[in-house]
Amino acid sequence: MSTADTLRSTRLALDAARDHLIGLRSPQGWWKGELQTNVTMDAEDLLLREFLGIRAKDDTAEAAHWIRSEQRADGTWATFHGGPPDLSTTVEAYTALRLAGDPVEAAHMRAARSFVRESGGIESARVFTRIWLAMFGQWPWERLPVLPPELMFLPSWFPLNVYDWACWARQTIVPLTIVSARRPVRPLPFDLAELRTGRPVPRRGGLGWDGFFHGLDRLLVRYERRPVRGLREAAIRRAAEWIVARQEADGSWGGIQPPWVYSLIALNLSGYDLDHPIMRRGLRGLDRFTIRDERGRRLEACQSPVWDTALAVNALLDAGVSHDHPAVAEAVDWLLEEEIRGPGDWAVRRPRLAPGGWAFEFDNDLYPDIDDTAEVVLALGRTGRPDARPAIGRAVRWMTGMASRDGGFAAFDADNTRTLCTKLPFCDFGAVIDPPSADVTAHVVEALAQESPPGSPELRRAVLWLLKAQEPDGSWFGRWGANHVYGTGAVVPALVAAGVRRDAACVRRAVAWLESHRNEDGGWGEDLRSYTDPAWIGRGASTPSQTAWALMALLAAGERSPVVDAGVRWLVEHQRPDGTWDEPHFTGTGFPGDFSINYHLYRLVFPVNALGRYLRACGQAP
């Protein structure tokens, strides 16, 4: 294909993608793509409703339809498209289908059961799964790690206090201390004996912290038999008050599923009946996170309207859309209304810092995050709107004030780096702390390069952090997206925006890494297994979002090469007739190696970014 043909096809593809993106915005001016995760959300929703006595027949049937549709030919469920079978997910899905009345001898149930037993049964499932089963009498509470509510009395400077946990883990741990103390059992109408093997539960042990906490857990088990009654009840009251104080306007806790469902259970166990306003608001809020279509009923683990809207605005600006176009102007109006001006848990570590910035969702105002704030600052600053300047100024002050001591930036908290809590026997699933990451730091660098004075101390320290974080192979680790392609795709444009020369060694090494990990079809992809198996780093089926991330990095580095042209052609050739792209693979990350996300808008916004920047690099106005 000639250069002229490539430019012509690129422009046509960009125009179609731009129009499709504009067509997806809401009447209020925001964008929100589906945030797809895995069937544990739906299984646990049914279990929550069973526990509270509100499980409806129609909801159960629709959720079961969705869960069955996600089962693979081998009878298992995975945590991401094309991923390996996951034991705990399969146990929870199987339990939900039994709630729905699926016969134990049905072929799909036999296949699931066979995998569970071959993989060690319920005994080998993660702690969170066994907690759910314990609440229904399917696992003994005595065989679970202890999580005492007395943790609530530890001061914020003391190890293992609740603020040592990341915000998502903190909001989950606090209600679970109540659940762990109350040890409820509300029996199911069936038994799951067919999933138990009688084998011992695998335990971390040995020397070091693992051995220490295993011994501590044994002491806590003894304490649980006869806790100090006055202290225990006071701790439960404090935990319940902490939970109530953190319910968001939409009824959620943090706008995410785990703390939401556990908080409802914990408050119910603390005497809040279903007619209490807090419980009603919490249950009603789940409806907005529920999707119903021909495949059934499913829940989003969280929602991403602020993130999606900021990404969409930046994509449209890259596509050449004017800042006064209604799609951009109305999105800016909406984003300005979403600015957070109140305190949150972040203030525990930064008590003198004035609030500002944005959160991820519609209503999780208690937990603004640095990543969203950086992306919104970029979008607002690029529009040149004078009325946005005060919000940008407040956001930049808050964002820079949230730098960790080492100069890097995490998602929600500053200096949330104490690893001691990761050693607890309870923590066998997901990230539980929030240390600085390359992708978040890169987004902050890009925003500061646009909004701060050149050479500002915060910008210099963040750039230095990124330079130190570069992997030996030239890539950067991606905390919130899969994985090294995402990290590298974020860092290279940020470094160049901050003034790092395109011929600098760090940039050239990143370019070499990206070029060496291009697929034969011209695109890029990286499987989520790269978080746990280094053999997968930079390897995976080509996807629109990951191809776009690689292209944005290469274009920022000044590359105008056959590799870039081939990547652009891959996007053009794989575009759907309606202007968007198919992307069944998950390219977003919740917990590296444990919980993955398919942001349905990623497949569209990032190709728009890449195609618009490609045309501009070729001297063509997008």
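Data overview
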read-out: Helix axis angle, 87-99 relative to the chain longest principal axis, alpha carbon, degrees; value: 60
read-out: Longest to shortest principal axis, alpha-carbon extents of the chain, angstrom; value: 74, 57, 51
read-out: Student exercise, the stretch 320-365 dipole from Lys, Arg, Asp, Glu Cβ charges, in Debye to nearest 20; value: 500
read-out: Two-site label geometry, Thr532 and Ala354: point separation in nm, points 7 Å out along Cα→Cβ; value: 4.7
read-out: Two-site FRET efficiency, Asp578 against Asp58, from Cβ-Cβ distance with R₀ of 25 Å, rounded to 0.05; value: 0.20
read-out: Label-point gap, in nm, between Ser322 and Arg117 - each point 7 angstrom along Cα→Cβ; value: 7.0
read-out: When the convex hull of its Cα atoms is projected in every direction, mean area for the stretch 435-513 (nm²); value: 4.7
read-out: Lysines with Cα under 30 Å of Lys468, excluding same-chain neighbours fewer than 8 positions away; value: Lys423
read-out: Over the stretch 524-622: Rg over Rh, Cα atoms, Kirkwood Rh; value: 0.99
read-out: Residues in the stretch 75-92 reached by a label modelled at Ser69 [backbone nitrogen below 18 Å; 7 Å Cα→Cβ]; value: 76-82
read-out: Additional length obtainable on full extension of the chain from Phe190 to Ala16, 0.36 nm per residue less Cα span; value: 57.3 nm
read-out: Charged-residue dipole, Cβ positions (Lys, Arg, Asp, Glu), the stretch 62-165 about Cα centre, Debye nearest 20; value: 200
read-out: Glu233/Phe429 FRET efficiency (R0 25 Å; Cβ-Cβ; nearest 0.05); value: 0.30
read-out: Given charges at beta-carbon only (K, R positive; D, E negative), |dipole| of the chain in Debye; value: 1700
read-out: Contour excess over end-to-end distance, with Cα ends at Arg389 and Gln620 and 0.36 nm allotted per residue; value: 80.1 nm
read-out: 5 Å-binned pair-distance histogram of the stretch 368-471 (Cα, whole percent); value: 2, 13, 22, 22, 16, 11, 7, 4, 2, 1, 0
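No lab work stands behind these numbers, since they all come straight from the coordinates. For clarity, every value in this text was computed on a predicted model and none was experimentally measured. Neighbour counts are summed over all protein chains in view; Cβ atoms, including those assigned to glycine, are modelled from backbone coordinates with ideal geometry.
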